[in-house]
Amino acid sequence: MCGKWYMGGWRVVEEACATPELLWKVLTAKRWELLKSLCGVGPVSIRQAARRVGRDVKAVHGDVTALIEAGLIERGTDGGVEFPFSAVKVEFLLQAA
């Protein structure tokens, strides 16, 4: 196992990667910062999300798309985005060969 997303009541939502390198590709430092800024605030527009992290709207849009594809945030019917979980636990195993 490389990594799995655990959310809310620690249920497995999605295996996110086949290798640790893919985990870091999906969960970059800027995307982690974005997730933290969305935690507990409810639905926000991409523009509002960009303001919360002090970044360009276009760059945040790309990160939002990647996080939606990874199952970490959701797009609402009003077009806003939301981190709908109370927690994320990222877990991976590093073993000697």
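The values are calculated or read from the model by the stated rules, or taken from the named source; none is laboratory data. All values reported here derive from a predicted model rather than from experimental measurement. Cβ placement follows ideal geometry from the backbone for every residue including glycine, while neighbour counts extend to all protein chains displayed.
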Task: Number of positions in the range 86-97 that are out of contact with any Leu (no Cβ under 8 Å at 6 or more places or on another chain) and closer than 18 Å to Gly40 by Cβ - done: 3
- [ ] Working only within the range 51-97, note down all residues that are among the β-branched types (Val, Ile, Thr), part of a helix (DSSP H, G or I) and modelled with pLDDT of 90 or more.
- [x] Val53, Val57, Val60, Val64, Thr65
TODO: Scan the range 1-44 residue by residue and report those that are acidic (Asp, Glu) and either modelled with pLDDT of 80 or more or surrounded by fewer than 11 Cβ atoms within 10 Å (Cβ to Cβ) (or both).
DONE: Glu21, Glu33
Open item on the list: Return the residues of the range 43-72 that are touching a residue at least 24 places away in the same chain (Cβ under 8 Å) and hydroxyl-bearing (Ser, Thr, Tyr); say none if nothing qualifies.
Closed with: Ser45
